[in-house]
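Chemist: Before I ask anything, let me first share the structure, which is written out below as structure tokens.
The values are calculated or read from the model by the stated rules, or taken from the named source; none is laboratory data. Computed from a predicted structure; not experimentally measured. In this analysis, Cβ positions are derived from the backbone assuming ideal geometry, glycine residues included, and neighbour counts consider all displayed protein chains.
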Amino acid sequence: MAKKVLKFGGTSVGSIERIINAAKIVGKEHAKGHKLIVVVSAMAGKTNELIEQSISISKEFDKRELDVLLSSGEQVTCSLISGALRGIGLIAKSWMNWQIPIITEGDHNNARIINMRTEEIDKFLSEGGIAIIPGFQGISKRGDITSIGRGGSDATAVAIAKIFKTDSCEIYTDVDGVYSTDPNKIPVAKKIDKISYQEMLELSSLGAKVMQPSAVQTAMMYDIPLQVRSTFTDRKGTDIINQENIDYSKKVVTGVAYSKDDAKITLIGVQDKPGVAASIFEPFSENQINVDMVIQNVSSDGKTTDLTFTIKRDDLDKTLSILKNNKKVKIKEVNHNTNVSKISIVGAGMVTTPGVSYKMFKALSEEKINILAISTSEIKISIIIDENYTVEAVKKLHKTFDLD
Ligand code: ADP
Ligand code: ASP
Ligand code: MG
């Protein structure tokens, strides 16, 4: 008998039939004698719908009120799945964020779970009950309702696995595991049996929506094995585990991810002298703007140079206004481009294999795809390209690294 977290994402609870189907999965697991904590997302599309409603009230909708609004989506699914479980004769009970309570720290709309009270729910589990907990939310120490960032039900599931010391954490979703790239966009994508926390963290941070990055990070820190599997089929899913348990001798690249979240800014005619880059980037860091890739050209006349960098697209307006008001540096011209996408290859096998970047750049040149910026880490290479070539580039790299 094990103690398990079962997390159901938005599509998995996207209709009444699907909630009943999820309840059947929970019922089967319960029949095996497991103690179960079920974490649910809002029904698919609900969170977006609530955000749109808030925007139609006001473009500057209060963040505290937004959290009150958004948390309602998961509350609905909790009671519906609990009702479905009771309907098939099981003992189930839902708890709201403030009843447990799930304590969070940090800003509204982007808080972090730091603790939960476990005694009452543990007692309920010992008596054969199935506990239902809403994903994506908590309360602050002051008692205000908070939400923990989009896709945050994954993070709730992992936090519960850690705090309740469960034996496993199963993420039920609309695909049957983690694939070498998004299977809904690139049908030749292949399912991965086992992937390391590090690789999953890179892939999800670089656009693979299947797991939320902060959930993977917590799982990695506390060595909590995760399993991603389908709500709609019985097929075996993907284990996200410690790197030591994976054989990298045959595989260099594990997956290809892409995102359209970035914007590229080029500063033309920047003074070429010590301290200029620091003066440009200092106000970005003060304003929590994350700069990702940076390229500085060699100055041909020894006086001015061009500087290109990427930021999150959401930060573009703020960044442009900071640049305009920066009196410390002289810049001749500022250009920006939002029609770009970031394509990344990820693989722990890269550490020991030379020539991976050459192979990547050559493959793209064969497709006549121009690379606008590059960044690398030990286990990933990311490039920025024209957005129109996204699918072509992903397909080509997928094939080049034998992932088809
Ligand atoms: P949930 O609502 O269950 O949390 P998400 O929509 O957040 O599900 O994540 C599942 C989706 O992630 C899939 O439908 C798929 O389109 C997308 N996805 C992107 N990259 C990958 C990948 N490498 N492997 C599997 N799914 C991926
Ligand atoms: N409902 C929230 C969202 O759509 C959280 C989640 O589904 O994980 O982002
Ligand atoms: Mg998700």
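Chemist: Look at the stretch 298-328 and say how many of its residues are surrounded by fewer than 16 Cβ atoms within 10 Å (Cβ to Cβ) and more than 26 Å from Tyr258 (Cα to Cα).
Modeler: 12
Per-residue answers, yes or no, for (1) surrounded by 23 or more Cβ atoms within 10 Å (Cβ to Cβ); (2) touching a Ser or Thr at 6+ places or on another chain (Cβ under 7 Å); (3) of a type in the set (A, V, I, L, M, F, W, C):
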{"site": "Val5", "(1), (2), (3)": "yes, yes, yes"}
{"site": "Phe8", "(1), (2), (3)": "yes, yes, yes"}
{"site": "Glu29", "(1), (2), (3)": "no, no, no"}
{"site": "Ala44", "(1), (2), (3)": "no, yes, yes"}
{"site": "Ser56", "(1), (2), (3)": "no, no, no"}
{"site": "Phe61", "(1), (2), (3)": "no, yes, yes"}
{"site": "Val68", "(1), (2), (3)": "no, no, yes"}
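Chemist: Being in a helix (DSSP H, G or I), within 22 Å of the chain's Cα centre (by Cα) and within 26 Å of Ile192 (Cα to Cα), is that true of even one residue in the stretch 347-361?
Modeler: yes
Chemist: Here's a follow-up. Take the residues of the stretch 210-220 that are more than 8 Å from the chain's Cα centre (by Cα) and of a type outside the set (Gly, Ala, Ser): which is nearest to Leu397 (Cα to Cα)?
Modeler: Val216
Chemist: Looking for something basic (Lys, Arg), within 15 Å of ligand 3 (Cβ to nearest atom) and either farther than 29 Å from Met96 by Cα or surrounded by fewer than 22 Cβ atoms within 10 Å (Cβ to Cβ) (or both) - is there at least one such residue anywhere in the stretch 192-201?
Modeler: No: zero hits.
Chemist: Scanning the stretch 1-44 for residues that are within 16 Å of ligand 3 (Cβ to nearest atom) and basic (Lys, Arg), which turns out nearest to Leu226 (Cα to Cα)?
Modeler: Applying the filter and picking the extreme gives Lys7.
Each row is one residue, and each column tells you yes or no for (1) farther than 21 Å from Ile25 by Cα; (2) in contact (Cβ under 8 Å) with a residue 40 or more places away in the chain; (3) touching a Ser or Thr at 6+ places or on another chain (Cβ under 6 Å).
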residue: Ile100; (1), (2), (3): yes, no, no
residue: Thr104; (1), (2), (3): yes, yes, yes
residue: Asn110; (1), (2), (3): yes, no, no
residue: Asn115; (1), (2), (3): yes, yes, no
residue: Glu120; (1), (2), (3): yes, no, no
residue: Lys123; (1), (2), (3): yes, no, no
residue: Ser126; (1), (2), (3): no, yes, no
residue: Ile132; (1), (2), (3): no, yes, yes
residue: Phe136; (1), (2), (3): yes, yes, yes
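Chemist: Looking at Tyr172 and the list (1) within 15 Å of ligand 3 (Cβ to nearest atom); (2) out of contact with any Phe, Trp or Tyr (no Cβ under 8 Å at 6 or more places or on another chain); (3) of a type outside the set (Gly, Ala, Ser), which single condition is not satisfied?
Modeler: For Tyr172, the exception is condition (2).
Chemist: Of the residues that make up the stretch 123-130, is at least one of a type in the set (Gly, Ala, Ser), surrounded by 22 or more Cβ atoms within 10 Å (Cβ to Cβ), at pLDDT 95 or above and in contact with a strand residue (DSSP E or B) (Cβ under 9 Å, 6 or more places away or on another chain)?
Modeler: No, the conditions are met nowhere in the stretch 123-130.
Chemist: Right, something else. For Thr156, are the conditions met, namely being at pLDDT 95 or above, surrounded by 21 or more Cβ atoms within 10 Å (Cβ to Cβ) and in contact with a Lys or Arg (Cβ under 7 Å, 6 or more places away or on another chain)?
Modeler: no
Chemist: Identify all residues within the stretch 51-68 that are hydrophobic (A, V, I, L, M, F, W, C) and more than 16 Å from ligand 3 (Cβ to nearest atom); write none if there are none.
Modeler: Across the stretch 51-68, the qualifying residues are Ile55, Ile57, Phe61, Leu66, Val68.
Chemist: Here is a further query. Can you name the residue in the stretch 165-179 that is outside any strand (DSSP E or B) and surrounded by fewer than 19 Cβ atoms within 10 Å (Cβ to Cβ) and, of all such residues, is nearest to the chain's Cα centre (by Cα)?
Modeler: Ranking the candidates gives Asp174 first.
Chemist: When you scan the stretch 243-265, do you find a residue that is surrounded by 16 or more Cβ atoms within 10 Å (Cβ to Cβ), modelled with pLDDT under 95 and of a type in the set (Phe, Trp, Tyr), even just one?
Modeler: yes
Every residue, every condition in (1) within 22 Å of the chain's Cα centre (by Cα); (2) within 16 Å of ligand 1 (Cβ to nearest atom), yes or no:
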residue: Met1; (1), (2): no, no
residue: Val5; (1), (2): yes, yes
residue: Thr11; (1), (2): yes, yes
residue: Ile19; (1), (2): no, yes
residue: Val26; (1), (2): no, yes
residue: Gly45; (1), (2): yes, yes
residue: Ser54; (1), (2): no, no
residue: Lys59; (1), (2): no, no
residue: Val76; (1), (2): no, yes
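Chemist: Within the stretch 318-339, does at least one residue satisfy the condition of being aliphatic (A, V, I, L, M), touching a residue at least 60 places away in the same chain (Cβ under 8 Å) and outside any strand (DSSP E or B)?
Modeler: No, there is no match, as no residue in the stretch 318-339 is aliphatic (A, V, I, L, M), touching a residue at least 60 places away in the same chain (Cβ under 8 Å) and outside any strand (DSSP E or B).
Chemist: Say we look at the stretch 180-209 and pick out the residues that are within 8 Å of ligand 1 (Cβ to nearest atom) and in contact with a Leu (Cβ under 8 Å, 6 or more places away or on another chain); which of these is farthest from Glu392 (Cα to Cα)?
Modeler: Ser180
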